[in-house]
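The block underneath contains the structure these notes are about, expressed in structure tokens.
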Amino acid sequence: PPLSEILNLHDFEAIAKDVMHEKAWAYYSSAADDEITNRENHAAFHRIWFRPRILRNVIKVDWSTTILGQKSKMPLYITATALGKLGHPDGELNLTRAAAKHGIIQMIPTLASCSFDEIMDAAEPGQVQFFQLYVNKDREITKRIVQHAEKRGIKGLFITVDAPQLGRREKDMRQKFDAEDPSEVSKAGSDGVDRSQGAARAISSFIDPGLNWSDLKWFKSITKMPLILKGVQCWEDALEAYDTGMAGVVLSNHGGRQLDFARSGIEVLVEVVTNLKEKRGLSFPNERFQLFVDGGVRRATDVIKAVALGATAVGVGRPFLYAYSSYGPEGVDKALTILNDEFEMNMRLLGARNIEEIVPEMVDASNIHLH
Ligand code: FNR
């Protein structure tokens with residue numbers, strides 16, 4: 001169907017399933033084991049309801065915000081997803097260009113198909129980008145990657161902490177990874193490629209399962225970029241991240257691709273906000289320690305719920321992959337236009353004229369169990 005008939009982010013997924021190469025679809029859509037967490041990610045938003053306010057003169061509404069000190073036209077960013085070229089020859093550049101056009105931030109993955117410099121070179125002057133880091137067993141390699149990223153102007157380093165070993169994504173494992181295909185080979189440096197178990201496993205053998213809390217001090221000594229832990233799943237670890245001097249955490253289960261039966265980020269957000277308030281007197285959103293959520297975000301209402309509950313911003317992954325795999329760069333542009341339109345309407349209907357007015361009282365999250 002023509003792009004004009006696409007009405008929401010779910011539509012891209014349905015089309016991508018039909019038009020994408022089987023192998024690419026398997027890698028992008030797959031999740032761990034029985035994919036229960038993957039389904040729960042979006043479903044968890046269904047348990048939160050709105051308490052809108054009326055009669056507030058909502059002629060003008062503004063959903064722009066600041067993320068880690070950087071301006072963003074929406075309280076969301078494009079999260080890191082590996083192997084961008086599986087879906088389209090321009091890979092991650094489709095995301096870079098659409099992010100520039102819409103004034104939002106792209107998180108560049110360690111395992112991008114395009115090289116890091118290629119992506120940075122494709123950015124507009126002044127375009128803000130974050131970087132997602134998989135920590136290499138060889139810390140010299142990691143140090144080089146981190147310091148190069150900082151030199152090129154990356155504004156936030158998101159260290160992935162939920163993947164000491166890659167989850168079993170069986171849909172992907174049933175496909176044979178072909179290292180001869182240049183679209184699948186990451187320039188970020190993979191070694192010991194095992195071709196027998198899908199793309200994910202083939203590219204992940206360099207990731208250090210020995211990574212631990214004491215490594216974070218080292219990261220602080222090699223870079224001045226804000227450090228954020230991506231993949232925190234309970235308040236205890238969020239508290240430790242705060243005490244360790246991290247700039248924030250992403251409450252995420254890696255799009256359901258790691259531990260199946262991990263809870264959704266939006267659910268974890270509630271216990272993190274409550275416990276960090278109780279134990280450290282923090283209120284959210286908080287400049288010094290920012291909370292992010294990703295997983296299953298498909299509507300502006302999902303984003304607004306996370307913001308109401310204390311998140312600074314949310315990450316969106318698969319919908320943009322499906323958008324460019326089906327329609328190229330215009331697909332991502334359309335996805336972001338849809339989200340913008342949804343923000344405008346839903347902020348009016350909610351009675352929130354700006355991000356500060358999206359307050360906890362505007363949601364009923366009593367169906368979320370508190371730990
Ligand atoms: C991911 N994700 C991910 N995360 C990360 O830290 N490093 C990575 O290399 C990848 N790669 C990756 C590939 C693909 C195909 C997907 C779908 C996801 C996880 C990603 O950053 C994010 O946590 C989820 O994608 C969010 O869920 P949704 O929006 O895809 O539902």
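Hydrophobic long helices, here whole DSSP H runs in the chain with Kyte-Doolittle means of at least 0.0 and Cα atoms spread over 20 Å or more along the helix axis, are found at 265-280.
Want the number for Thr223 to Val359: 0.36 nm per residue separation, take away the alpha-carbon distance, what's left? Write out the running numbers ahead of the final one.
Values: separation 136, 0.36 × 136 = 48.96 nm, distance 3.43 nm.
Fully extending the segment from Thr223 to Val359 adds 45.5 nm.
Largest GNM mean-square fluctuation among Ile222, Ile207, Ile15, using the chain with Cα springs under 10 Å: Ile222.
About the Cα centre, and with charges only on the beta carbon of Lys, Arg (+1) and Asp, Glu (-1), how big is the dipole of the chain? Nearest 20 debye, please. List each step's numbers first, then the result.
Details: 45 positive and 50 negative charges, 167 e Å.
Charge dipole of the chain: 800 debye, to the nearest 20.
Only counting other Cβ atoms within 10 Å, I'd like His88, His369, His254 sorted with the fewest neighbours first. Present the calculation step by step, with values, prior to reporting the outcome.
On the way: His88 24, His369 10, His254 27.
The order, fewest Cβ neighbours first, is His369, His88, His254.
Exposure proxy ranking for Lys217, Lys230, based on other Cβ atoms within 10 angstrom of each Cβ and starting from the fewest, stands as Lys217, Lys230.
Between Glu344, Glu92, Glu118, the residue with the greatest mean-square fluctuation in the GNM of the chain (Cα pairs under 10 Å linked by springs) is Glu118.
Only helical DSSP H runs with n ≥ 4 go in: add -39500 (n - 2.57) per run for the chain, normalise by residue count and round the 222 nm mean residue ellipticity to 500 deg cm²/dmol. Before the final figure, lay out the partial values.
On the way: 14 runs with 143 residues, N = 371.
So the helix-based figure for the chain works out to -11500 deg cm²/dmol.
Positive end of the dipole of the chain (Cβ unit charges, origin at the Cα centre): among Pro1, Ile145, Ile67, the Cα lying farthest that way belongs to Ile67.
Loop-located GluC sites (Glu not before Pro) in the stretch 230-336 (DSSP state other than H, G, I, E, B) with a sparse environment of at most 14 neighbouring Cβ atoms within 10 Å: Glu287.
Semi-axis lengths, largest first, of the ellipsoid equivalent to the stretch 235-332 are 27, 14, 12 Å, with √(5λ) applied to each eigenvalue of the Cα gyration tensor. Approximating the spin labels as points 7 Å out from Cα along Cα→Cβ, the His10-to-Lys143 distance works out to 5.1 nm. Put in line by how crowded their Cβ is, counting other Cβ atoms within 10 Å and starting with the fewest, Cys114, Cys234 read Cys234, Cys114. The mean of 1/r over all distinct Cα pairs in the stretch 15-72, once inverted, gives the Kirkwood hydrodynamic radius of 16.2 Å. What separates the Cα centres of the stretch 294-358 and the stretch 125-149 is a distance of 27 Å. Taking chymotrypsin sites (Phe, Trp or Tyr not before Pro) across the stretch 247-300, the ones in a DSSP loop with at most 13 further Cβ atoms lying within 10 angstrom of their Cβ are Phe261.
Hey, what's the per residue convex hull volume over the C-alpha atoms of the stretch 1-101, in cubic angstrom?
191
Across every pair of non-identical alpha carbons in the chain, the mean reciprocal distance, once inverted, gives a Kirkwood radius of 20.6 Å. Beta bridges assigned by DSSP with both partners in the chain are antiparallel in approximately 20 percent of cases.
For the chain, calculate the relative contact order in percent as a whole number, restricting contacts to Cα pairs under 8 Å that are 6 or more residues apart.
On the way: 754 pairs, mean separation 101.5, N = 371.
About 27 percent, as a whole number.
The distance separating the Cα centre of the stretch 66-107 from that of the stretch 199-277 comes to 20 Å.
In angstrom, the C-alpha Rg and Dmax of the stretch 282-371 are 14.5, 43.
None of the figures in this text is laboratory data; all of them are computed from the coordinates on show. Just so you know, these numbers come straight off a predicted model, no measurement behind them. As a convention, Cβ positions derive from the backbone with ideal geometry for all residues, glycine included, and neighbour counts pool all protein chains shown.
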